1. Which condition number in (1) more than 20 Å from Val197 (Cβ to Cβ); (2) at pLDDT below 95 is the one that Ser259 fails?
2. Restricting the search to the stretch 225-263, which residues are without any contact (Cβ under 8 Å) to a residue 40 or more places away in the chain, touching a helix residue (DSSP H, G or I) at 6+ places or on another chain (Cβ under 9 Å) and over 18 Å from Leu18 (Cα atoms)?
3. From the list Asp145, Asp82, which residue is over 22 Å from Ala17 (Cα atoms), in a helix (DSSP H, G or I) and either within 16 Å of ligand 1 (Cβ to nearest atom) or acidic (Asp, Glu) (or both)?
4. Tell me whether the stretch 201-211 contains one or more residues that are open to solvent by 70 Å² or more (accessible area, probe 1.4 Å), of a type outside the set (Lys, Arg) and more than 20 Å from the chain's Cα centre (by Cα).
5. Where in the stretch 166-273 are the strands (runs of 3 or more DSSP E), entirely inside, with at least 3 residues that are of a type outside the set (A, V, I, L, M, F, W, C)?
6. Considering only residues that are small (Gly, Ala, Ser) and away from ligand 2 (no atom under 14 Å from the Cβ), look in the stretch 53-99 and name the one that is surrounded by the most Cβ atoms within 10 Å (Cβ to Cβ).
7. Among the listed residues Gly147, Gly160, identify the single one that is open to solvent by less than 60 Å² (accessible area, probe 1.4 Å) and farther than 16 Å from Lys185 by Cα.
Amino acid sequence: MIKIKTREEIELMRESALIVSKTLGILAAEVKPGVTTLQLDKIAEEFIRDQQAIPGFLGLYDFPNTLCMSPNAQVVHGIPNDKPLKNGDIISIDCGALKNGFYGDHAYTFEVGEVAEETKKLLKVTKESLYEGIREFKVGNRVGDVGFAIQNYCESHGYGVVRELVGHGLGKKMHEDPEMPNYGKRGRGKKFKNGMVVAIEPMINLGTHKTIHLKDGWTILTADGKPSAHFEHDVAIINGKPELLSTFKYVYDALGIQSDEEDEFRQTELTNK
Ligand code: MG
Ligand code: MG
């Protein structure tokens, strides 16, 4: 059942989303060759707890850490370890936090040092596809419209759209209804209403869409060993239109990137509290 949120609940969810957004901003400054994913995990956990929040993934379905850290061919759900990142890697960082009873859930794929051009383009297109999907998350549309937009955009670039993992409703639970696949058909699936909040999160592969599971029970990687990218935003429907609750602003501030990509999805001024 889809849980519709009140405006007050959406504002609480914005608070949780901003905690994960700021966490990724802090990590953005730390991602470089030589750092280990466990070191980054510790930084994230400390920051989240400093905000009087709880790491959203730690212990969820028995996941052992604060962050899902998925380098290169890992799609999602990678477990932090003590292996240093190296020049040319990419690292997808997925972060959750729980505050005031509501979850935030947000992901970004970072470049480590100098990354190959074809990989840079994968990251760019995957992030663009996230906004293609968000644009369709509005009253009058359905789940399939978001999936179609993401799939169509990514496949037009020759990329593989992961099927096994999907976006989801977000709220008092990390994973609520509806499931939000990154593939689909226009006009199909559940109808969107004001007060819905979802995490939209394309997971896109440079090569085949097929994936395999590591024996650790968590890590999912591309079947052909080619890189995979993952970007995720938390989005509500307010006044019939998509409203971003999370933001890449803190990541961009840390990386010195200028961007107005989020402006069309923000009805409420982003306060810097
Ligand atoms: Mg996530
Ligand atoms: Mg998610």
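1. (2)
2. Answer for the stretch 225-263, where residues must be without any contact (Cβ under 8 Å) to a residue 40 or more places away in the chain, touching a helix residue (DSSP H, G or I) at 6+ places or on another chain (Cβ under 9 Å) and over 18 Å from Leu18 (Cα atoms): Ile257, Gln258.
3. Numbers: Asp82 fails: in a helix (DSSP H, G or I).
Answer to the check: Asp145.
4. Of the residues in the stretch 201-211, the ones open to solvent by 70 Å² or more (accessible area, probe 1.4 Å) are 210.
Applying the additional criterion that residues be of a type outside the set (Lys, Arg) yields none.
No: zero hits.
5. Values: elements: 167-169, 176-180, 197-200, 203-205, 211-213, 220-222, 228-230, 233-238, 241-244.
Result: 167-169, 176-180, 241-244.
6. So, considering only residues that are small (Gly, Ala, Ser) and away from ligand 2 (no atom under 14 Å from the Cβ), the one surrounded by the most Cβ atoms within 10 Å (Cβ to Cβ) is Gly78.
7. Numbers: Gly147 fails: farther than 16 Å from Lys185 by Cα.
Result of the check over Gly147, Gly160: Gly160.
The values are calculated or read from the model by the stated rules, or taken from the named source; none is laboratory data. Bear in mind that the values here come from a model prediction, so they are computed numbers and not experimental data. Here Cβ is always computed from backbone atoms with ideal geometry, including for glycine, and neighbour counts include all displayed protein chains. Note: accessible area is taken over every heavy atom of the protein model, side chains too, but ligands, DNA and RNA are not part of it. Shrake-Rupley method; radii C 1.70, N 1.55, O 1.52, S 1.80 Å.
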